[in-house]
2 protein chains.
Amino acid sequence: MKIAASLVLAAAAFAFAAPASAQFAKPEDAVKYRQSALFVMAQHFGRIGAMVNGRVPYDAKAATENAEVVADMAKLPWAGFGPGTDKVTNTKAKAEIWTEQAKFKEHNEKLVAETGKLLAAAKTNNLDNLKTAFGSTAGTCKACHDNYRNQ
Amino acid sequence: MKIAASLVLAAAAFAFAAPASAQFAKPEDAVKYRQSALFVMAQHFGRIGAMVNGRVPYDAKAATENAEVVADMAKLPWAGFGPGTDKVTNTKAKAEIWTEQAKFKEHNEKLVAETGKLLAAAKTNNLDNLKTAFGSTAGTCKACHDNYRNQ
């Protein structure tokens, strides 16, 4: 019993200590995952942008639905930047992501915070609030892209 | 004023009547969107599968977190199968998706329902409940793939 319990604890400790990349079968899956999450997020963010910029009529319900997806998706991509995923070629990710981990993480967390505010703003059903939060979120996207994404 | 109001109403009616594909800049974006959403969903569903099949230790909190993403993502891909997206090549989507729209929609709705049940099961913190709901959800994935996805 003691041995079995030790094995369970060891397995649990391993699972806890395993890097995020261990969640993926291979580094290419991690890359595809982060790109997929970012693409889905960008599509929904763009729909809010179309309202904010007057290209489509403002629809408070649609804005909130899109902001919900944006806020949900903003939490996901970062697990796909784990150790080993820097070796995958054909991506726009800059090497600085892995050499400036703490700074990159700050950007990730800023986006999660900003998209949370975007959702809150969307829920006020006020276009001006949405515009302000959209601009702030877009600035957060841009700051990270400027630092960590090749054009 | 009357004319302006009519224009606003006409614009609103158009937005309402516009097909889902109108949400995307081009059909290729719709395809990429649905593939991205399905890929993200599959990654998180697979993590629940790993617990259900005993490949990784059961972790009730992680199961629920993964089930939340699965249930959220299950709602998204279908907007990416709009009119015109059947013309995009290099996808596994079968033509029957567009010739059997009502039946395909039933499959979509079944997945949304099943992933809702999966999340509820995960929240019970009971591995047997999770196993049952996982099996049922996996069957729903398979039924749709068998009918509408080329291998």
- Of A:110/A:131; A:61/B:110; A:26/A:92; B:110/B:142, which sit over 22 Å apart, Cα to Cα? A:61/B:110
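Starting from 0.36 nm per residue, how many nanometres of slack lie between residue B:126 and residue B:87 once their C-alpha separation is accounted for? Kindly include the intermediate steps, with their values, before the conclusion.
Numbers: separation 39, 0.36 × 39 = 14.04 nm, distance 4.47 nm.
Here the segment from residue B:126 to residue B:87 would lengthen by 9.6 nm.
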- Item | Rough spin-label spacing in nm, given labels placed 7 Å along Cα→Cβ, for residue B:95 and residue B:117 | 3.4 nm
- Cross-link partners among aspartates and glutamates for residue B:75, C-alpha distance below 15 Å, same-chain residues fewer than 8 apart left out? A:65, A:68, A:72, B:106, B:109, B:114
- Task: Take the Cα pairs of the protein assembly as shown, get the Kirkwood Rh, then feed it into Stokes-Einstein at 37 °C and 0.692 mPa s and tell me D in µm²/s.
- Result: 155 µm²/s
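Need one value for A:69-78: mean number of C-beta atoms belonging to other chains within 10 Å of its residues' C-beta atoms.
Details: counts 5, 0, 0, 5, 7, 0, 2, 6, 1, 0.
If you average over the peptide's residues, the count of other-chain Cβ atoms is 3.
Add -39500 (n - 2.57) for each DSSP H run of 4 or more in chain B, then divide by its residues: what number comes out at 222 nm, to the nearest 500 deg cm²/dmol?
On the way: 6 runs with 105 residues, N = 151.
Taking each H run of at least 4 residues, the total per residue is -23500 deg cm²/dmol.
Which semi-axis lengths, in whole Å and largest first, follow from the square roots of five times the eigenvalues of the Cα gyration tensor of the stretch A:22-128? Don't jump to the answer; show the numbers that get you there.
Working: eigenvalues 184, 38, 26 Å².
Ellipsoid half-lengths, sorted descending, are 30, 14, 11 Å.
Rounded to the nearest 0.05, what FRET efficiency do residue B:106 and residue A:59 give with R0 = 22 Å and r taken as the Cβ-Cβ distance? Could you check?
Values: r = 28 Å, r/R0 = 1.26.
Efficiency for this residue pair is about 0.20.
Values quoted throughout were computed directly from the atomic coordinates according to the rules given, and no laboratory measurement underlies them. Because the structure is a prediction, the values reported are computed rather than measured. As a convention, Cβ positions derive from the backbone with ideal geometry for all residues, glycine included, and neighbour counts pool all protein chains shown.
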